[in-house]
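The values are calculated or read from the model by the stated rules, or taken from the named source; none is laboratory data. Keep in mind the model is a prediction, meaning the values are calculated, not measured. As a convention, Cβ positions derive from the backbone with ideal geometry for all residues, glycine included, and neighbour counts pool all protein chains shown. Protein only, heavy atoms only, side chains kept; ligands, DNA and RNA dropped before computing areas. Shrake-Rupley method; radii C 1.70, N 1.55, O 1.52, S 1.80 Å.
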Amino acid sequence: MNTQREGYLLKKYLGEEAIKGLRQCNAYIAGGAITALFSGQKIRDWDIYFRTKEDCEKAVTWFGINGVLANETDTSKSYKLGKQEKPYQLIVLPDLFGDPADIFKCYDFTVCMGAYQFFADPALQHTEGFVFGEDFFKHIGQRRLVFHTGTMFPICSMLRVMKYIKSGFYITGMEILKIGLSVHSLKINTYADLRRQLQGIDTAFLADLTTQMKDDEPLGAKEYIKEQFLTMMDDFVSQHYEHLTAGDGEDGVEP
């Protein structure tokens, strides 16, 4: 398949300065931005992944010097760079280091399994370009959400379903059932365990709530009790989002 046009648009949107930094650390763009590029949607941000810890550290240093840190979670560091409006989100979770094929195994939906990789070594630039999962184009074309049960953050996937539906995708009842069973199989014993799940993709709007669940905070080590957390969540929503109308949540996800 000829993806020359999409490659050109990707680099145009990223900007020359960002590309320079990405090449220096052999990084690659994956996930939502690639999905948006091939489905005619607006790119909201850039999720940047790395093959090794060393590559990640190079990127953190480079973006720290050339950009401004805008947001930080357990899994990512987001930077603003120059006049670019879209944040560059560096995925710093060690479990998500590896080649694109390794990362796809951790993703939740097949329509997210696309990447564009950069390389610092000029001798390797012939391999620079797109990488796709087996069913990426099929399910993009069908506007169909197919859930991958190997995902790391199935709780976040429930929120992401809402975002994708608003972008014109659909999901069957069987796929919803797969998400529910994946969530049910999670081992969440403490609030720190729950925090790790809620700190996945697309849950930045929960940052104030999850901060109190850190390992080094009193709540973090406590036993997770569902009823207690649901009360906490209701209080959090009433304090932070009672002024919002439906659909005004972070990234189009209703609180």
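Here are some notes:
- Filtered residue count, the stretch 156-201, keeping only those that are open to solvent by 30 Å² or more (accessible area, probe 1.4 Å) and of a type outside the set (Ser, Thr, Tyr): 24
- Answer from 48, 29, 43, 19 - the residue that is assigned to a loop (DSSP other than H, G, I, E, B) and open to solvent by less than 70 Å² (accessible area, probe 1.4 Å): 43
- Criterion (open to solvent by less than 20 Å² (accessible area, probe 1.4 Å), closer than 29 Å to residue 174 by Cβ, part of a helix (DSSP H, G or I) and hydrophobic (A, V, I, L, M, F, W, C)) met by exactly one of 36, 115: 36
- Among the residues of the stretch 1-16, the one identified as surrounded by 14 or more Cβ atoms within 10 Å (Cβ to Cβ) and of a type in the set (Phe, Trp, Tyr) is 13.
- Put simply, of 109, 118, 137 the only residue that is over 13 Å from the mean Cα position of the chain (by Cα) and under 21 Å from residue 42 (Cβ atoms) is 137.
- Residue within the stretch 100-111 that is farther than 18 Å from residue 19 by Cα, touching a residue at least 40 places away in the same chain (Cβ under 8 Å) and assigned to a strand (DSSP E or B) present: yes
- Selected residue (criterion: farthest from the chain's Cα centre (by Cα)) from residues of the stretch 88-106 that are buried (at least 17 other Cβ atoms within 10 Å of the Cβ) and more than 18 Å from residue 196 (Cα to Cα): 100
- Filtered residues of the stretch 51-80 (kept if under 16 Å from residue 29 (Cα atoms), of a type outside the set (S, T, N, Q) and assigned to a loop (DSSP other than H, G, I, E, B)): 51
- For the stretch 155-175, the tally of residues that are touching a strand residue (DSSP E or B) at 6+ places or on another chain (Cβ under 8 Å) and either in contact (Cβ under 8 Å) with a residue 40 or more places away in the chain or assigned to a helix (DSSP H, G or I) (or both) stands at 5.
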